[in-house]
6 protein chains.
Amino acid sequence: MRPSGRSTDQLRDIKITRNFTRHAEGSVLVEFGDTKVICNASVESRVPGFLKGQGQGWVTAEYGMLPRSTGSRMMREAAKGKQSGRTVEISRLIGRSLRAAVDLEALGENSITIDCDVIQADGGTRTASITGACVAMMDAVNHMLKEGMIKKNPIKQMIAAVSVGIYNEHAVLDLDYPEDSNAETDLNVIMAEDGGFVEIQGTAEGEPFRPEELTAMLELAKKGISEIIAVQRQALDAQ
Amino acid sequence: MRPSGRSTDQLRDIKITRNFTRHAEGSVLVEFGDTKVICNASVESRVPGFLKGQGQGWVTAEYGMLPRSTGSRMMREAAKGKQSGRTVEISRLIGRSLRAAVDLEALGENSITIDCDVIQADGGTRTASITGACVAMMDAVNHMLKEGMIKKNPIKQMIAAVSVGIYNEHAVLDLDYPEDSNAETDLNVIMAEDGGFVEIQGTAEGEPFRPEELTAMLELAKKGISEIIAVQRQALDAQ
Amino acid sequence: MRPSGRSTDQLRDIKITRNFTRHAEGSVLVEFGDTKVICNASVESRVPGFLKGQGQGWVTAEYGMLPRSTGSRMMREAAKGKQSGRTVEISRLIGRSLRAAVDLEALGENSITIDCDVIQADGGTRTASITGACVAMMDAVNHMLKEGMIKKNPIKQMIAAVSVGIYNEHAVLDLDYPEDSNAETDLNVIMAEDGGFVEIQGTAEGEPFRPEELTAMLELAKKGISEIIAVQRQALDAQ
Amino acid sequence: MRPSGRSTDQLRDIKITRNFTRHAEGSVLVEFGDTKVICNASVESRVPGFLKGQGQGWVTAEYGMLPRSTGSRMMREAAKGKQSGRTVEISRLIGRSLRAAVDLEALGENSITIDCDVIQADGGTRTASITGACVAMMDAVNHMLKEGMIKKNPIKQMIAAVSVGIYNEHAVLDLDYPEDSNAETDLNVIMAEDGGFVEIQGTAEGEPFRPEELTAMLELAKKGISEIIAVQRQALDAQ
Amino acid sequence: MRPSGRSTDQLRDIKITRNFTRHAEGSVLVEFGDTKVICNASVESRVPGFLKGQGQGWVTAEYGMLPRSTGSRMMREAAKGKQSGRTVEISRLIGRSLRAAVDLEALGENSITIDCDVIQADGGTRTASITGACVAMMDAVNHMLKEGMIKKNPIKQMIAAVSVGIYNEHAVLDLDYPEDSNAETDLNVIMAEDGGFVEIQGTAEGEPFRPEELTAMLELAKKGISEIIAVQRQALDAQ
Amino acid sequence: MRPSGRSTDQLRDIKITRNFTRHAEGSVLVEFGDTKVICNASVESRVPGFLKGQGQGWVTAEYGMLPRSTGSRMMREAAKGKQSGRTVEISRLIGRSLRAAVDLEALGENSITIDCDVIQADGGTRTASITGACVAMMDAVNHMLKEGMIKKNPIKQMIAAVSVGIYNEHAVLDLDYPEDSNAETDLNVIMAEDGGFVEIQGTAEGEPFRPEELTAMLELAKKGISEIIAVQRQALDAQ
């Protein structure tokens, strides 16, 4: 039933490559099938103005798409002089989700900025970004521990994200672009390792969705996220 | 337990005043307690470029806060030359929700733009905006019918919105600012009259929230929204 | 002769509602007939950079129109990322006029910012804004006195504003939109309670205006402003 | 009494050099003492969008100051990406004043844009700009007549501008920078050749000004402008 | 003598990977040692406004760096709302160079836009970009030929680019970042396959450079570019 | 062969007028034939943020064109809110070239900003700007010496600039606009008084240029620049 031939509860092939570029304190290439995002975590020993002197750190994120990461070329946001509403919305979502994973006081007066740049898009770029960004943040934190910038690990638990949706009247896991652009409902779920919700965002594209559809989608998300967290763990153990 | 003394499942006093200003085709002042938003719907007999010649209409929304709608003055976005990410995110949410209520083909090649301007904020401005905007849109559609711009009513069903959250470890309905700024979890629910979900957005401000908390919040939202829709209906019947 | 049936020296119905919103230190809804403007005065105990350490305060203003305060919807300036020249010009005029009413040294190193947001426009929005802003500023100053931020009242005298013009070859007082858009000459007069001019701005829309027309318009303005100041005084005495 | 030693009703030395640069259809260097402004009029055989197909033309103006036209360097507005409120206000004033001199229907569907760029500032740049721009516009119109773009001269009458003010309790004509920065009141007067007012803008910098002061200033302005118009006429006759 | 241990006339390891991403008509990852740039060529069957109806095509380029492609994080240009002067300058250089390789009339009324996004920087990003962009453009042209958009190949000849410089008083080829940041002179050379110069840009960072140094650098560039063109040819033959 | 009738190695008439405006510490009008640029040097006793506390100064430049300095009016960059890529590129080139002439440590923690504003353009505006800016900078430095801001002259040597090109298959010196817009190759050369190169920028507009053409152009540039430096010297000796 799915264009890709996957079963309704089947993730795409998920790969996490650490140390993808050389300069960032954490650098990850995350792939959810054909969706590919570079997640670079940068560490700075200072905090934004509104947090100065409050004895806590900050985690933030920025999201972007290469102009030709998509089927037809999008105008370059830097050239237009303006980020789209979608870009801003996703940047905020990634940052908020990652902050939920971190004890900001244990981070000290340090900042981690995670840049998520989509180099190839095939649906689910925001959930792939969060998934990769969490691993990049782990590497950045390890760097900080090694450098003595912090004493204890401020990460409370791993987080991961996946999209689920109603496609052809069925709940399906991890929508790719052909599904996403025809889904009746699209739900992004960000969960912590302990099964708690960090954020859920569901939108009825056509008709409103029913409570039982929500339940079915959340079930799929739970299953998918436990598999994704296993991939994250495996990547982190690898090196 | 609640600062306002309300019970956990009690809405604030909700008022909807139609024909609040003179020029707009639909003009509503919506009040959720001390939160007050002017929702003006403007009709134009044309569509944005990307829809030209496709035989359908468009509904969009813009959100803003007066600089001193809040406890301390915020910089005026027009003077700064940039809308905040929050403003953009809420504008998009309102527009998306309203479109879910409308048969865009039945709207013909016409547009409705709804401006939601917060004149006094006390929590829940985005859900109040959607609630008021839906009524303003109804009035705009009635204007279009009367003027012969459209033949049949394109509104599929009424929508309304409310925030729910976990405050002091309890699920509570319709958070005001003192609750909102201390809530552990905040969930915005937009529902249609038939009980389907148009959009849900939940964020764990501190710890991730549990599935059973989600269930409790959705229950409260359902109850609240049916009461809010009754207020909308009453306002529409009034004149 | 006038579309509204008013006599040439007759003001529209002028209302001033204090404490219109809850958060601002001074909050006024001013109405000149169908022209309605919210004037919120915000107090801050600091001054702009160019005044630091000079032992004086600052008064400034910002003006805006809700997108649908007018007959057809104007683009939202915050969304466009740019204020129009007209908006900037009016903001500067309001601020300059209010500063003329205040002893900036007696204000100490404090600032008052007055936001004038037009919610419904029917001509004369800038003069209504100045009139309402002066009352809001009075309330803000009373707040500062009560809070002990200043010792003595820095307001030198009340100011008010009105438009006059040549319409159908007659000098008329307080132009509404139908008159304003057909006037041959439009003159905005800002006066102090003692009858001195704070600012005058006159523009010939078609033919240049004659000195005797200027004299006639200034006469009308004088009469109108003394009536407006009476309304301001009454509002301030009310509470 | 005046820093320059001039009598109260004495203009600075006023010079108008036509054909100052080569490309513009009208190009004037205007000097009011040490204030020097290049006024270039550009002709285009089209009108802005809002006037298309209405059988009339348009006249508009833009004003700028070279960064070091003043005592200390101002930031370049093009580099800042934003014109100051003052720049916008003056551009609008110049354009409005020039339009008052022109029969826009007789101009046909053509535009004249006048760029006023201050290369050296010593007070009164806006009134010098209007004075020079009017001559540049005359040359541009002569070019249009010669090229057959228009049949008859659309200029209704010459306009000129001067500042007057209250300095040291005396009304004085044509303020230079040392006077302007200490004046109690500053009044810009734009008049037509027939003695009618095109625009007046008066601001009390300190105390409100009295009606009799206004009368005295307008008297001086009238005298000054008739002398300035003589200089304009002489320049136009020269070639 | 060189930090990398290379001889003065030795290029870094140069790799060109075609079909690097999926959507673009030409997609190349180019590596000059640790400098890595994604070059995506996008084809559109229309031309910019200034070329409409002139029977010719257009080639343009945009350059960007991922925020953490460098040793310390740079602010994201899209978030700042402004491209740096350096970014604009390099974008223009790439576009100009590529146009020199193409017969724009043979391209018909089609456009090719090449996005060069640096994912890892180690000196020489602009010359690597041009080198990779030329190959991506070749693939885009092959796509156009296959799709029948054009009849004959509009590429006149291959171009490639390399930096040369004076480092430690010696002329050296293909500077990496440690050399580049300490070079006395930096010269970017863009050459065509036939040995003609497309563009040269040389800058004395400290002391002016002598004519004989220029000659030595140009010699090295010539040698380097013929090797680079061999790598381009090999990549193009590969598939 | 040249439209102007000049011989291939003949400069246009070059004039340098010092003290052109009154406020700047160095103010020069430079003319290369019909190309006229005002170069104003401003001195400030502070440095940009990135240089604070490093015991050295800074020299920077900004370039602009009056909207009607060209054959048809260009949009005013300040009104557009954005400088063109060309403007940014030229500003950077002028600043970089001037810094090559100065011992920044000997300048102390002071800045010189040179504004180059083209009032009439006829080709070669960037090379004229550099030539004039160098003289303005000399005057600014003399001002600093006289005021005791610096002890010794930080200028290492004079620099000047000229364009050369291939026109009609011949190398020609100092291209004017009719030549520039038809040149096959355009090379801007900035040289120091001792004959060293400060910057060279050559672009093949059509076909790539050959090494022997480069040699011929550099020869012409050398001759031209020694003549231009003589004009600079003469202007500096004049007063």
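The values are calculated or read from the model by the stated rules, or taken from the named source; none is laboratory data. Given the structure is predicted, the values throughout are model-derived calculations rather than measurements. Reconstructed Cβ throughout: ideal geometry from the backbone, glycine too, with neighbour counts over all protein chains shown. Protein only, heavy atoms only, side chains kept; ligands, DNA and RNA dropped before computing areas. Shrake-Rupley method; radii C 1.70, N 1.55, O 1.52, S 1.80 Å.
Restricting attention to segment B:19-39, report how many residues are assigned to a strand (DSSP E or B) and either touching a helix residue (DSSP H, G or I) at 6+ places or on another chain (Cβ under 6 Å) or within 17 Å of residue C:117 (Cα to Cα) (or both). Give the derivation first.
Applying the first criterion (assigned to a strand (DSSP E or B)) to segment B:19-39 yields B:26-32, B:35-39.
Still in the list and also either touching a helix residue (DSSP H, G or I) at 6+ places or on another chain (Cβ under 6 Å) or within 17 Å of residue C:117 (Cα to Cα) (or both): B:26-30, B:32, B:35-39.
The qualifying residues number 11.
Condition check: within 23 Å of residue F:237 (Cα to Cα), touching a Cys at 6+ places or on another chain (Cβ under 8 Å) and at pLDDT 95 or above. Does residue F:135 satisfy that?
yes
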*Does residue B:162 satisfy being over 30 Å from residue A:80 (Cα atoms), out of contact with any Pro (no Cβ under 8 Å at 6 or more places or on another chain), open to solvent by less than 10 Å² (accessible area, probe 1.4 Å) and modelled with pLDDT of 95 or more?*
yes
*Residues of segment A:9-29 being surrounded by 21 or more Cβ atoms within 10 Å (Cβ to Cβ), among the β-branched types (Val, Ile, Thr) and within 14 Å of another protein chain (Cβ to nearest Cβ), which ones?*
A:28
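Output the residues belonging to segment C:120-130 that are of a type outside the set (A, V, I, L, M), over 15 Å from residue C:96 (Cβ atoms) and either touching a helix residue (DSSP H, G or I) at 6+ places or on another chain (Cβ under 9 Å) or more than 14 Å from chain B (Cβ to nearest Cβ) (or both).
At the first step, the residues of segment C:120-130 found to be of a type outside the set (A, V, I, L, M) are C:120, C:122-127, C:129.
Of the ones still in play, those that are also over 15 Å from residue C:96 (Cβ atoms) are C:120, C:122-125.
The answer is C:122, C:123, C:124, C:125.
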*Just name the residue that is surrounded by the fewest Cβ atoms within 10 Å (Cβ to Cβ) out of those in segment D:190-222 that are closer than 23 Å to residue C:183 by Cβ and touching a residue at least 60 places away in the same chain (Cβ under 8 Å).*
D:201
*Please identify the pairs in which a residue from segment D:51-73 that is under 28 Å from residue D:152 (Cα atoms) has its Cβ atom under 6 Å from the Cβ atom of a residue that is crowded, with 21+ Cβ neighbours inside 10 Å and among the hydroxyl-bearing types (Ser, Thr, Tyr), counting only partners at least 6 apart or on another chain.*
D:60/D:113; D:61/D:91; D:62/D:91
*Restricting attention to segment C:40-52, which residues are open to solvent by less than 20 Å² (accessible area, probe 1.4 Å), in a strand (DSSP E or B) and aliphatic (A, V, I, L, M)?*
C:41
*Do you know which residues across segment F:142-173 are in contact (Cβ under 8 Å) with a residue 24 or more places away in the chain and small (Gly, Ala, Ser)?*
F:160, F:161, F:163, F:165, F:171
*asked:* Let me confirm something: among F:87, F:125, which residue is of a type in the set (Val, Ile, Thr) and either more than 29 Å from residue F:173 (Cα to Cα) or within 13 Å of the chain's Cα centre (by Cα) (or both)?
replied: F:125
*Only one of (1) at pLDDT 95 or above; (2) touching a strand residue (DSSP E or B) at 6+ places or on another chain (Cβ under 9 Å); (3) not charged (D, E, K, R) is not met by residue A:100, so which one is it?*
(1)
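Just checking, how many residues over segment B:9-18 are out of contact with any helix residue (DSSP H, G or I) (no Cβ under 7 Å at 6 or more places or on another chain) and of a type in the set (Lys, Arg)? Don't jump to the end; show me each part of the working.
First, pick out the residues of segment B:9-18 that are out of contact with any helix residue (DSSP H, G or I) (no Cβ under 7 Å at 6 or more places or on another chain): B:10, B:12-13, B:15, B:17.
In the following step, the residues that additionally are of a type in the set (Lys, Arg) were identified as B:12, B:15.
Of the residues in that region, 2 qualify.
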*Would you check if residue A:117 is farther than 26 Å from residue A:33 by Cβ, out of contact with any Ser or Thr (no Cβ under 8 Å at 6 or more places or on another chain) and either facing chain E (nearest Cβ under 8 Å) or in contact (Cβ under 8 Å) with a residue 40 or more places away in the chain (or both)?*
no
*Output for segment A:149-206, where each listed residue is within 14 Å of chain B (Cβ to nearest Cβ) and of a type in the set (Lys, Arg)*: A:156
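Which one of these is surrounded by 23 or more Cβ atoms within 10 Å (Cβ to Cβ) and either under 30 Å from residue D:237 (Cβ atoms) or of a type outside the set (Val, Ile, Thr) (or both): D:55, D:71, D:124? If you could, list the steps in order and put the result at the bottom.
Values: D:55 fails: surrounded by 23 or more Cβ atoms within 10 Å (Cβ to Cβ); D:71 fails: surrounded by 23 or more Cβ atoms within 10 Å (Cβ to Cβ).
Exactly one of D:55, D:71, D:124 is surrounded by 23 or more Cβ atoms within 10 Å (Cβ to Cβ) and either under 30 Å from residue D:237 (Cβ atoms) or of a type outside the set (Val, Ile, Thr) (or both), namely D:124.
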*Check whether at least one residue in segment B:1-8 is open to solvent by 20 Å² or more (accessible area, probe 1.4 Å) and at pLDDT below 95, and report yes or no.*
yes
*The one condition in (1) open to solvent by less than 30 Å² (accessible area, probe 1.4 Å); (2) of a type in the set (Asp, Glu); (3) not in a strand (DSSP E or B) that residue B:115 fails to fulfil*: (3)
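Is it true that residue D:105 is open to solvent by 10 Å² or more (accessible area, probe 1.4 Å) and over 19 Å from residue F:73 (Cα atoms)? Break it down into steps so the answer makes sense when it comes.
Working: open to solvent by 10 Å² or more (accessible area, probe 1.4 Å): yes; over 19 Å from residue F:73 (Cα atoms): yes.
Criteria met by residue D:105.
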*Write out, first by first residue and then by second, each pair whose Cβ atoms fall under 8 Å of each other, whose residues are 6+ apart or on separate chains, and whose first residue, in segment C:76-101, is more than 13 Å from chain B (Cβ to nearest Cβ) and under 25 Å from residue B:116 (Cβ atoms) while the second is open to solvent by less than 30 Å² (accessible area, probe 1.4 Å) and assigned to a loop (DSSP other than H, G, I, E, B).*
none
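Would you mind stating whether residue B:108 is away from chain C (no Cβ under 14 Å), at pLDDT below 95 and not in a strand (DSSP E or B)?
Details: away from chain C (no Cβ under 14 Å): yes; at pLDDT below 95: no; not in a strand (DSSP E or B): yes.
So residue B:108 fails the test.
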